[in-house]
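A.B. asks: For reference, the structure I am asking about is given below.
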Amino acid sequence: METVLAAAIRQGVGLPYGCQDGACGSCKCRWVSGAFELAPYQRKALSEQERSAGMVLTCRMHAQEDLVLECAELPSADMFPVRKMPCRVQELAFPAPDVALLRLQLPANESFRYHAGQYLQFILRDGSRRSYSMANAPTGEPKLELHIRHMPGGAFTDQVFGTLKVRDILRMEGPFGSFYLRDADDKPLVLLASGTGLAPIKAILEQLRTQAGTRPARLYWGARKRVDLYLLDWAQAQAQELPWLEFVPVLSEPDADWHGRTGLVHHAVMQDLPDLSGREVYACGSPLMVDAARADFIARCALPEEAFHADAFTSEADKAATAN
């Protein structure tokens, strides 16, 4: 049975969402009326208190009759059609031992439109899917860049790090997700990433480069070790070239020769910007980082809840850990 969210995507209704698997909570909204069933979900995505207050996850919701929901709706002009298409591996590089940089060539006669920050899904041979954010801003060219971290035992990442070759054909569908830059706002930006959460942030930065009169932005990128900052030279070059951009790398387990910031990456934001009331935050990375940043920024740094936009990277293990 189709979920409420899947039906909305199919009909071009702009509901906010992220993982589509009951793990991130991005599609949370308030139920008003109508009968439904709710499939298993993670408690961190929807707490018992929220559920008792009438909150639901549209990605786990199956309608039994007409429903009335109260939720934020994205402008229809922001919704691009979801499409399936083949793609060819154009380049495969490994900037870190456990990170692959995958560049794809799309069919020249196909149009694939998306917002910087959105993601696609690879459709595997058994019908299962794996989601990855586009790491390049749309330019009109039929090319995509993805950053893929190796998850040992992963059905797709083992292929990427083992048998995938240039010119191989993959099948994909997209775009998905409501994590993208809201052009209507002109507040200074905080771009917060951990690990390969840099991918959609990189796409957003590339989009910002093309805009005149860009608002000030700070990029905070957190990792464990120096090697995990797999595009450090690229990020440093952006900060040198763009007068409106500051870049702050942060290591939680710093190398002996590291002279930069240390600790949790969202703590570095709080140290530098204790008042976030006039800013807008875009955060992407591990669910732990995203959840901590959201809670601390709102409770301790006066960030308005609606000014925090996030995409938590949920692995298949995260998605499997569901409970009602």
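The values are calculated or read from the model by the stated rules, or taken from the named source; none is laboratory data. For clarity, every value in this text was computed on a predicted model and none was experimentally measured. Glycine also receives a Cβ, built like all others from the backbone with ideal geometry; neighbour counts cover every protein chain displayed.
A.B. asks: Would you mind finding the one in ARG130, ARG125 that is of a type in the set (Lys, Arg) and in contact with a helix residue (DSSP H, G or I) (Cβ under 9 Å, 6 or more places away or on another chain)? Before the answer, list the steps.
C.D. replies: Working: ARG125 fails: in contact with a helix residue (DSSP H, G or I) (Cβ under 9 Å, 6 or more places away or on another chain).
Of the residues listed, the single one that is of a type in the set (Lys, Arg) and in contact with a helix residue (DSSP H, G or I) (Cβ under 9 Å, 6 or more places away or on another chain) is ARG130.
A.B. asks: Additional query: For VAL56, indicate whether it is more than 19 Å from TYR114 (Cβ to Cβ), touching a strand residue (DSSP E or B) at 6+ places or on another chain (Cβ under 7 Å) and crowded, with 16+ Cβ neighbours inside 10 Å.
C.D. replies: yes
A.B. asks: Of everything in segment 184-228 that's in contact (Cβ under 8 Å) with a residue 60 or more places away in the chain and acidic (Asp, Glu), which residue is nearest to PHE313 (Cα to Cα)?
C.D. replies: My answer is ASP228.
A.B. asks: When you scan segment 262-271, do you find a residue that is touching a residue at least 12 places away in the same chain (Cβ under 8 Å), surrounded by fewer than 19 Cβ atoms within 10 Å (Cβ to Cβ) and part of a loop (DSSP other than H, G, I, E, B), even just one?
C.D. replies: Scanning segment 262-271 turns up at least one residue that is touching a residue at least 12 places away in the same chain (Cβ under 8 Å), surrounded by fewer than 19 Cβ atoms within 10 Å (Cβ to Cβ) and part of a loop (DSSP other than H, G, I, E, B).
A.B. asks: Against the condition within 19 Å of the chain's Cα centre (by Cα) and either on the phi < 0 side of the Ramachandran plot or surrounded by 15 or more Cβ atoms within 10 Å (Cβ to Cβ) (or both), how does CYS71 come out, does it pass? Before the answer, list the steps.
C.D. replies: Working: within 19 Å of the chain's Cα centre (by Cα): no; either on the phi < 0 side of the Ramachandran plot or surrounded by 15 or more Cβ atoms within 10 Å (Cβ to Cβ) (or both): yes.
Answer is no for this residue.
A.B. asks: Looking at the structure I just gave you, is PHE94 of a type in the set (Phe, Trp, Tyr) and farther than 22 Å from CYS19 by Cα? Can you show your working first?
C.D. replies: Values: of a type in the set (Phe, Trp, Tyr): yes; farther than 22 Å from CYS19 by Cα: yes.
Taking the combined requirement at face value, the residue satisfies it.
A.B. asks: Name the one entry in PRO287, PRO249, PRO254 that is crowded, with 16+ Cβ neighbours inside 10 Å and at pLDDT below 95. Working first, answer last.
C.D. replies: Numbers: PRO249 fails: at pLDDT below 95; PRO254 fails: at pLDDT below 95.
Criteria check complete, one pass: PRO287.
A.B. asks: So, one more: Hey, can you tell me all the residues within segment 105-121 that are surrounded by 20 or more Cβ atoms within 10 Å (Cβ to Cβ) and at negative phi?
C.D. replies: Taking segment 105-121 as the starting set, the residues that turn out to be surrounded by 20 or more Cβ atoms within 10 Å (Cβ to Cβ) are 112, 114-120.
Those that are surrounded by 20 or more Cβ atoms within 10 Å (Cβ to Cβ) and at negative phi: PHE112, TYR114, HIS115, ALA116, GLN118, TYR119, LEU120.
A.B. asks: Of the residues ALA155, ALA199, which is within 25 Å of ARG83 (Cβ to Cβ), among the small types (Gly, Ala, Ser) and assigned by TED's automatic domain parsing to the domain that holds ASP311? Step through it out loud before you land on a result.
C.D. replies: Working: ALA155 fails: assigned by TED's automatic domain parsing to the domain that holds ASP311.
Checking each option against the conditions leaves just ALA199.
A.B. asks: Considering only residues that are at pLDDT below 90 and in a loop (DSSP other than H, G, I, E, B), look in segment 67-90 and name the one that is farthest from GLY117 (Cα to Cα).
C.D. replies: Restricting to residues being at pLDDT below 90 and in a loop (DSSP other than H, G, I, E, B), the top hit is CYS71.
A.B. asks: Further question: Looking at GLY153 and the list (1) on the phi > 0 side of the Ramachandran plot; (2) surrounded by fewer than 17 Cβ atoms within 10 Å (Cβ to Cβ); (3) touching a residue at least 60 places away in the same chain (Cβ under 8 Å), which single condition is not satisfied?
C.D. replies: Evaluating GLY153 over (1) on the phi > 0 side of the Ramachandran plot; (2) surrounded by fewer than 17 Cβ atoms within 10 Å (Cβ to Cβ); (3) touching a residue at least 60 places away in the same chain (Cβ under 8 Å) leaves (3) as the failure.
Yes/no matrix, rows are residues, columns are (1) out of contact with any Asp or Glu (no Cβ under 8 Å at 6 or more places or on another chain); (2) farther than 15 Å from THR196 by Cβ; (3) of a type outside the set (A, V, I, L, M, F, W, C):
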| site | (1), (2), (3) |
| --- | --- |
| ALA93 | yes, no, no |
| PRO97 | yes, no, yes |
| GLU110 | yes, yes, yes |
| ALA116 | no, yes, no |
| GLN121 | no, yes, yes |
| SER133 | no, no, yes |
| PRO175 | yes, yes, yes |
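A.B. asks: Further, regarding this structure: For residues in segment 157-210 being of a type in the set (Val, Ile, Thr) and more than 19 Å from LEU276 (Cβ to Cβ), which is modelled with the lowest pLDDT?
C.D. replies: Looking only at segment 157-210, we keep the residues that are of a type in the set (Val, Ile, Thr), and these are 157, 160, 163, 166, 169, 190, 196, 201, 204, 210.
If we keep only those that are more than 19 Å from LEU276 (Cβ to Cβ) as well, we get 157, 160, 163, 166, 169, 196, 210.
Working: THR157: 96, VAL160: 97, THR163: 97, VAL166: 98, ILE169: 98, THR196: 97, THR210: 88.
The residue in question is THR210.
A.B. asks: Among ALA137, ALA100, ALA93, which is in a loop (DSSP other than H, G, I, E, B) and hydrophobic (A, V, I, L, M, F, W, C)? Even if it seems obvious, please write down each step before you answer.
C.D. replies: Details: ALA100 fails: in a loop (DSSP other than H, G, I, E, B); ALA93 fails: in a loop (DSSP other than H, G, I, E, B).
So the residue among ALA137, ALA100, ALA93 that is in a loop (DSSP other than H, G, I, E, B) and hydrophobic (A, V, I, L, M, F, W, C) is ALA137.
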